[in-house]
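Colleague: Sharing a structure below in structure tokens format, with a few things to ask.
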Amino acid sequence: MILQATVGCSHNACIFCVSYKAKLYRVRGADAIQSDLDSLNDSYKRRVSRVFLADGNALAMSTTEMLDTLKILYGNLPSLQRVGVYGYAKDVRTKSVDDLKELYNAGLGIVYLGLETGDDDLLRWARKGIDSAENIEACRKIRDAEIPLSLTIILGLGGLDNSNKHAKATANVLNQIDPEYVGALTLMTPPGTQIHQMVESKEFIPMKPMDILTELKTLVEHLDLTECIFRTNHASNYLPIKGTLNQDKSRLLEILTDTIETGATEILRPSFMRGL
């Protein structure tokens, strides 16, 4: 079940994101969540096992507000097993490891965080508002609090000229964080985003499918993770692969190498079927 704990995104400046452009960020808070739950019938509430707190980064809520929200959720949903949120590295700054541990003990079960890239030049260009050191610090705090962490990165973010640098820098940052989950997305350029305007003006040229797979191969080659579930099954990707790293690294590289060397474009997801 998705509940609206916040509206919009506290950053809302990334050039590739269209999701929250028309929304002014605000916190709805625990009382609003209680009101939402009160509108549901008991038979439905008894069946809810997982909750995601929208919008863009509900972890920006104060620790007190989040604790109140978690208390309400677990008090109203008897089958609830996990609560998840999006996070943004700057918002983690205001929370200590002890704060995050308190949230974990209260039932915060996973944080999804958009890393996007480990390349500081690309982070600045994409107007992410943080650098890789801030991403690493925030993610380590979440991990130190024992909250499961799922990171997303964006293939093709830097275009062909920056592809190799983007892949290697991203692998380096992921290795320092060593998260439980990593999901790779492929850059989309929907209308309404700044990057769409760049594509229209030829200022930015999106990468071709096989170039994206070459970038993905470089990323996987340089990853050194303990036990991370790695997937490219998001709808934006051309080739869905999955495995646990490092144990499945050789198998994933074999799939990517074979696909690249044979040029088997027929097995890739067609562009018209890709989406955010």
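We did not get these values from a lab; they are worked out from the coordinates using the rules stated. Fair warning: this is a prediction, and the values are worked out from it, not measured in the lab. No Cβ is skipped: glycine too gets one built from the backbone with ideal geometry, and neighbour counts run over all protein chains shown.
Colleague: If amide H atoms are built 1.01 Å from N in the plane of the peptide, which residues on other chains or at least 5 residues away come under 5 Å of the amide H of residue 246?
Modeller: Amide H neighbours of residue 246, under 5 Å, 5+ apart: 225, 228.
Colleague: Name the residues whose placed amide hydrogens come within less than 5 Å of the amide hydrogen of residue 204, ignoring near sequence neighbours (fewer than 5 apart) on the same chain.
Modeller: 199
Colleague: Ok, one more. I'd like the isolated cysteines in the chain, meaning no second cysteine's beta-carbon lies under 4.7 angstrom from theirs.
Modeller: Taking the Cβ cut-off of 4.7 Å, the unpaired cysteines of the chain are 9, 139, 228.
Colleague: Quick one: putting +1 on the C-beta of Lys and Arg, -1 on the C-beta of Asp and Glu, what dipole do you get for the range 166-220 around its Cα centre, in Debye to the nearest 20?
Modeller: Around 160 debye, computed over the range 166-220.
Colleague: Now for a different question. Would any residue of the range 214-254 have its amide N under 20 Å from a label point 7 Å out along Cα→Cβ of residue 266? List them or say none.
Modeller: Within reach of a label on residue 266: 238-240.
Colleague: Another question, if that's okay. Which one, 237, 263, 226, is farthest towards the positive end of the dipole of the range 198-276 when Lys and Arg carry +1 and Asp and Glu -1 on their Cβ?
Modeller: Of the options given, the answer is 237.
Colleague: While we're on this one: What are the ³J(HN,Hα) couplings of the range 53-65, residue after residue, when phi is run through the Karplus curve with 6.51, -1.76, 1.60 and θ = phi - 60°? Round to Hz, x for glycine and proline.
Modeller: Going residue by residue, I get 8, 7, 9, x, 7, 5, 5, 5, 4, 5, 4, 4, 5 Hz, with x marking Gly and Pro.
Colleague: Sticking with this structure for a sec: Any chance you could check the Cα centroid distance between the range 82-133 and the range 23-71 for me, in angstrom?
Modeller: That distance is 19 Å.
Colleague: Write down the percent of antiparallel bridges among all DSSP beta bridges whose residues are both part of the chain, to the nearest 5.
Modeller: So the antiparallel bridges amount to about 20 percent of the total.
Colleague: Less than 13 Å Cβ to Cβ from residue 11, Lys/Arg counted +1 and Asp/Glu -1: what total charge do the surrounding residues give?
Modeller: Net charge around residue 11: +2.
Colleague: OK, next. What's the exposure ranking of 99, 121, going from fewest to most Cβ atoms within 10 Å?
Modeller: Ranking 99, 121 by Cβ neighbours within 10 Å, fewest first, gives 121, 99.
Colleague: Quickly estimate the mean residue ellipticity at 222 nm for the chain, helices only: each DSSP H run with n ≥ 4 gives -39500 (n - 2.57), and the total goes over all residues, rounded to 500.
Modeller: Roughly -11500 deg cm²/dmol at 222 nm, from the helical runs in the chain.
Colleague: So, one more: Run the simple label-point estimate for residue 121 and residue 96 please: 7 Å along Cα→C-beta, distance reported in nm.
Modeller: Taking the two extended label points, one gets 4.0 nm.
Colleague: Another one. Determine the alpha carbon to alpha carbon distance for each of 21/217; 101/128; 23/128 and list only those over 24 Å.
Modeller: 21/217; 101/128
Colleague: Right, next: Return a whole-number percent for the relative contact order of the chain, with Cα pairs under 8 Å and 6 or more residues apart as the contact set.
Modeller: Relative contact order of the chain: 14 percent.
Colleague: Taking the Cβ of residue 29 as the centre, find all other residues whose Cβ is under 10 Å away and add up their charges (Lys, Arg: +1; Asp, Glu: -1).
Modeller: Taking every Cβ under 10 Å from that of residue 29, the sum is -1.
Colleague: Kindly write out, for the range 43-50 in residue order, the coupling ³J(HN,Hα) from the Karplus curve 6.51 cos²θ - 1.76 cosθ + 1.60 (θ = phi - 60°), rounded to whole Hz, with x marking Gly and Pro.
Modeller: For the range 43-50, the Karplus-derived couplings read 5, 5, 4, 5, 8, 6, 10, 9 Hz, x marking Gly and Pro.
Colleague: OK, next. Classify the range 155-276 as rounded, prolate or oblate from the Cα gyration tensor: take a ≥ b ≥ c as the square roots of its eigenvalues, call it rounded if a/c is under 1.5, otherwise prolate when a/b beats b/c and oblate if not.
Modeller: prolate
Colleague: If you don't mind, there's one more thing I want to ask. Scaled to the compact-protein estimate 2.2 N^0.38 Å, what is the alpha-carbon radius of gyration of the chain, rounded to two decimal places?
Modeller: 1.04
Colleague: With springs only between Cα atoms under 10 Å, which of 199, 51, 220 fluctuates most in a Gaussian network model of the chain?
Modeller: Evaluated over the chain, the most mobile residue of the options is 199.
Colleague: Moving on. Excluding residue 62 itself, what net charge comes from residues whose Cβ is under 11 Å from its Cβ, given Lys and Arg +1 and Asp and Glu -1?
Modeller: Overall, the nearby charge balance is -3.
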